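Q: Here it is: the structure, laid out below.
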Amino acid sequence: MIPTIMVCGKTGVGKTSLVQAVTHAGTVPDEAISHSEPATEDFVVYETEAAQFVDCEGMEPGQTVDEYSSFIMDEIIRRLDGDDASKVVHCIWYCISGAVARVQSSDARLIRQFSDRVLLVVTKSDCMRKGQVEEMMNVLLDLIPAERVVLVSSLEKSGLAQLLDKSMELCADAEDYAEGELASFRARWDSYYARMRRNWQDRTNEQADSLINWAAGRAAAIAIMPLQLADVAPLMANELYMIYKLGAVYGYAVDKTVLTMLAGVAGGSIVGKTAASFLPFLKVPIAAAVTYGVGKAAKAYFESGMTLDVKELKQRFLAAEREAKQTNWNEKKVEEDEP
């Protein structure tokens, strides 16, 4: 079993870069990627030991949704009607760009046509800035379930492990394979991605820690504000943005239920920050420690595949909060832009 994954979406969203990011060096040549004009024509197949990727020509400006949908479906049906079972499409990645940070009406129409074999991949998630993340997620999660949305960055190598996990399950479930064949497929897949996963994990861990430290440092800077309660709203916004971005680092689309649960592990973090507003000499360490603790709990939650319960998250928060209280946040310099 060598599954086939089709990668489609509008021109310029980073489809070929994504395929290059999830395959070994040399599979996708650098000249196949263009940063100024469309580089993929028709359908280009990249084969690996784990899977074959069908890189589709992008939807051009002026092309209608029906035209592009027919273009993709005609290829899927052609492969389905052929005699070679190895060419049947098992999974589709529909890509939209986080750099644009807007779900256009054409995207929404295509998303609504998706089957349960499609994953919505938000590429270039590292380009999503403060204020764009929540807005885009609210729109996307009204169109498609959160478990079928994956945020990735080919540049930062974030979210790729999550994308592969979801894709492997879709491919494995696509047909009723014999147990031996399915086990062989999983072994080849795991072997192909073993080293890449280790590298991604190390990089993701560094990104997450850097983001948590940045958010805690910003919380300390916000808490310096002299007016009582004036810092509560920006502290809340800072904390929620940190959770959104941590989810994106691990590839998860964070909805309001997850936000509320993670923000609440501090035992009512908003209440704690409000109280801190009335204790000027404690404002900075409390704000920074609570944000740091929530960040560490959120990191553990996403690392676990969103399986940790509230009790365990609470323990992670308390341990991280104690750690943060040993840091002199007044001496830390915070850059305007996050890492």
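The values are calculated or read from the model by the stated rules, or taken from the named source; none is laboratory data. Since the model is a prediction, treat every value here as computed from it, not as a measurement. Don't worry about glycine lacking a Cβ; one is built from the backbone with ideal geometry, like all the others, and counts go over all protein chains shown.
Q: Would you point out the residue of the stretch 184-197, among those that are surrounded by 13 or more Cβ atoms within 10 Å (Cβ to Cβ), of a type in the set (A, V, I, L, M, F, W, C) and more than 16 Å from Ala25 (Cβ to Cβ), that is modelled with the highest pLDDT?
A: Restricting to residues being surrounded by 13 or more Cβ atoms within 10 Å (Cβ to Cβ), of a type in the set (A, V, I, L, M, F, W, C) and more than 16 Å from Ala25 (Cβ to Cβ), the top hit is Trp189.
Q: So, restricting to strands (runs of 3 or more DSSP E) that lie completely within the stretch 35-126, which ones have at least 3 residues that are buried (at least 20 other Cβ atoms within 10 Å of the Cβ) and under 20 Å from the mean Cα position of the chain (by Cα)?
A: 89-97, 118-123
Q: Any chance the stretch 301-319 includes a residue that's assigned to a helix (DSSP H, G or I), of a type in the set (Asp, Glu) and modelled with pLDDT of 75 or more?
A: yes
Q: If you scan the stretch 104-163, which residues turn out to be over 28 Å from Met196 (Cβ atoms) and of a type in the set (A, V, I, L, M)?
A: Within the stretch 104-163, Ala108, Leu110, Ile111, Val139, Leu141, Leu143 qualify.
Q: Just checking, how many residues over the stretch 141-164 are assigned to a helix (DSSP H, G or I), in contact (Cβ under 8 Å) with a residue 40 or more places away in the chain and under 13 Å from the mean Cα position of the chain (by Cα)?
A: Number satisfying all stated conditions: 6.
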